[in-house]
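Peer 1: I'd like to ask you about the structure that follows.
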Amino acid sequence: MEDHCVEVNDDIIIRIQDIYKSFNRERIKAVRGVSLDVRRGEVVVIVGPSGSGKSTLLRCINHLEPIDRGSIAVDGIPVTGDKATINKIREEVGMVFQQFNLFPHLTVLRNITLAQRVVRKKSVDEAEAIAMDLLAKVGISDKAQAYPAQLSGGQQQRVAIARALAMQPKIMMFDEPTSALDPEMIKEVLDVMLSLAREGMTMLVVSHEMGFAREAADRIIFMDEGRIVEILTPIEMRAACQNPELAKEERTRRFLSKIL
């Protein structure tokens, strides 16, 4: 694997350099010239209107979407089409989607232990111990023997988070994890994510939850039309949320004025 590594600042765990991604024979330009460094332990929240390229950017990082040009490196490993390299990167990057994607025929406990046993080669006892610790962490240890259909949406998403954490990733990525939830279930998921942020987990989060962005993020990225328009600190975001005219870019001001 050393032959595939690139020189990288030890503090930088994700390096994205001038990437482009198009769909439908380049008629849809989802990501256009995005460059971004993410530091270890940093929480980056990506906001912006629908169709701005936020989710596509996340999916490019673990090669769910191959980029057209540019480069991405995760912990010094270039994200390329090589299967072994992709698998290595995906072992280190946990991903939580809008939909929970739990196996409906498996209990909560087996949903969390399956990948541990297959990918990490852990014993049944070790995998179950990790799973139970994580279920306690996300506040649903009493649901270990339940099936996904017996859980609320918020509980299912917390299982999905526990499943991703069970692989002991270096990075957690969340793609609008609360968008499929009823309003009363959103807080319980955001509380788990906020706890992870406070523990120092490196996180990239696509979200419309501005309160979470202001409280948890080290930086807030505003995207539109596939580009990074503006990068704000939490202090700048708090001020702009109170008065959108304080944002530097006109596009950011228009976005905030519509959602606040």
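The values are calculated or read from the model by the stated rules, or taken from the named source; none is laboratory data. Just so it is clear, the model here is predicted, and its values are computed rather than measured. With ideal geometry, Cβ positions are generated from the backbone for all residues, glycine too; neighbour counts draw on all protein chains shown. Heavy atoms of the whole protein, side chains included, go into the accessibility calculation; ligands, DNA and RNA do not. Shrake-Rupley method; radii C 1.70, N 1.55, O 1.52, S 1.80 Å.
Peer 1: Net charge within 13 Å of GLN145 by Cβ-Cβ distance, Lys/Arg positive one each and Asp/Glu negative one each, not counting GLN145 itself? Walk me through the intermediate numbers first.
Peer 2: Working: positive: ARG110, LYS143; negative: GLU128, ASP142.
After counting each charged neighbour, the total is 0.
Peer 1: Using a simple charge model, +1 on the beta-carbon of Lys and Arg, -1 on the beta-carbon of Asp and Glu, nothing else, what dipole does region 144-188 show about its Cα centre, in debye to the nearest 20?
Peer 2: Working: 4 positive and 5 negative charges, 54 e Å.
For this selection, approximately 260 debye.
Peer 1: A further question follows. Go ahead and run the numbers for FRET between ASP10 and GLN150, Cβ-Cβ distance against an R0 of 41 Å, rounding to 0.05.
Peer 2: 0.35
Peer 1: Which of the pairs LYS21/LYS122; LYS137/LYS248; LYS143/LYS170; LYS54/LYS121; LYS21/LYS121 have their Cα atoms more than 28 Å apart in this structure? Each step should come with its number before you reach the end.
Peer 2: Details: LYS21/LYS122 37 Å; LYS137/LYS248 39 Å; LYS143/LYS170 26 Å; LYS54/LYS121 33 Å; LYS21/LYS121 35 Å.
Among LYS21/LYS122; LYS137/LYS248; LYS143/LYS170; LYS54/LYS121; LYS21/LYS121, the Cα-Cα distance tops 28 Å for LYS21/LYS122; LYS137/LYS248; LYS54/LYS121; LYS21/LYS121.
Peer 1: Put a dot 7 Å past each Cα toward the Cβ at ARG254 and ALA129; how far apart are the dots in nm?
Peer 2: For the pair ALA129/ARG254, the computed spacing is 5.7 nm.
Peer 1: If you count only protein heavy atoms with a 1.4 Å probe, what accessible area per residue comes out for the chain, rounded to a whole Å²?
Peer 2: Values: 12500 Å² over 260 residues.
Per residue, the chain has 48 Å² of solvent-accessible surface.
Peer 1: At 0.36 nm per residue, minus the direct Cα-Cα distance, what do LEU194 and SER71 gain on full extension? Give it in nm, one decimal, please. Intermediate values should be presented prior to the final figure.
Peer 2: Values: separation 123, 0.36 × 123 = 44.28 nm, distance 2.99 nm.
In short, 41.3 nm is gained.
Peer 1: Go through 152-165, 16-29, 125-138 and give me the packing order, highest mean Cβ count within 10 Å leading.
Peer 2: On the way: 152-165: 23.2, 16-29: 14.3, 125-138: 17.4.
Ranked from most to least packed, the peptides come out as 152-165, 125-138, 16-29.
Peer 1: Summing Lys, Arg as +1 and Asp, Glu as -1, what charge do residues with Cβ under 10 Å from the Cβ of LEU58 carry, LEU58 excluded?
Peer 2: Working: positive: LYS54, ARG59; negative: GLU65, ASP175, GLU176.
Taking every Cβ under 10 Å from that of LEU58, the sum is -1.
Peer 1: Please enumerate, by chain and number, the aspartates and glutamates with C-alpha under 17 Å from the C-alpha of LYS187, excluding those fewer than 8 residues away in the same chain.
Peer 2: Correct list for LYS187: ASP175, GLU176, GLU209, GLU215.
Peer 1: Then there is this: For the pair ALA136 and GLU245, how long in nm is the line joining their label points, each one 7 Å along Cα→Cβ?
Peer 2: For the pair ALA136/GLU245, the computed spacing is 5.4 nm.
Peer 1: If you don't mind, another one. Projecting each Cα onto the charge dipole of the chain (Lys/Arg +1, Asp/Glu -1 at the beta carbon, about the Cα centre), which of ILE186, SER141, LEU232 comes out farthest on the positive side?
Peer 2: ILE186
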